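**Q** Shown below is the structure under consideration.
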Amino acid sequence: MAENIEHFDTSNFETTHLLYSLQNHRVLGKIKSETGSLAPTEFVGLRAKMYSLHVTNSQTKIRAKGIKNPTSKTCPSSTIFECLTN
């Protein structure tokens, strides 16, 4: 990532991180990490814009475009993984 830093928006990284920069903040066409400087531990993708991203024991990000927000918030990532495997 450091080799191609001009293609990334790293403004959501921790300020002490080596790659932190405000240079590409909110610039269209730049890739931004959804988890910041934390590495994801698990990713389950069912289709475009429908996935679960597990970062740490307390952080899980669930996206489900087209499904009402309260429903997607109560759906655990284990259910999404079960849909993928069955």
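**Q** Hey, among Leu19, Leu46, which residue is in contact (Cβ under 8 Å) with a residue 12 or more places away in the chain and closer than 30 Å to Cys83 by Cβ?
**A** None of the other options fit; the residue is Leu46.
**Q** For residues that are surrounded by 11 or more Cβ atoms within 10 Å (Cβ to Cβ) and within 19 Å of Thr35 (Cα to Cα), tally how many sit in the range 47-72.
**A** 14
**Q** To continue, here is another question. With the requirement that a residue be surrounded by 10 or more Cβ atoms within 10 Å (Cβ to Cβ) and part of a loop (DSSP other than H, G, I, E, B), what does the range 1-17 give you?
**A** Answer for the range 1-17, where residues must be surrounded by 10 or more Cβ atoms within 10 Å (Cβ to Cβ) and part of a loop (DSSP other than H, G, I, E, B): Met1, Thr10, Ser11, Asn12, Phe13, Glu14, His17.
**Q** How many residues does the range 37-86 contain that are over 16 Å from the mean Cα position of the chain (by Cα) and not in a loop (DSSP other than H, G, I, E, B)?
**A** 11
Since every read-out is calculated from the coordinates, none of them should be taken as a lab result. Worth saying up front: this structure is predicted, and the values here are computed from it rather than measured. Cβ: placed from backbone, ideal geometry, glycine included. Neighbour counts: every protein chain shown.
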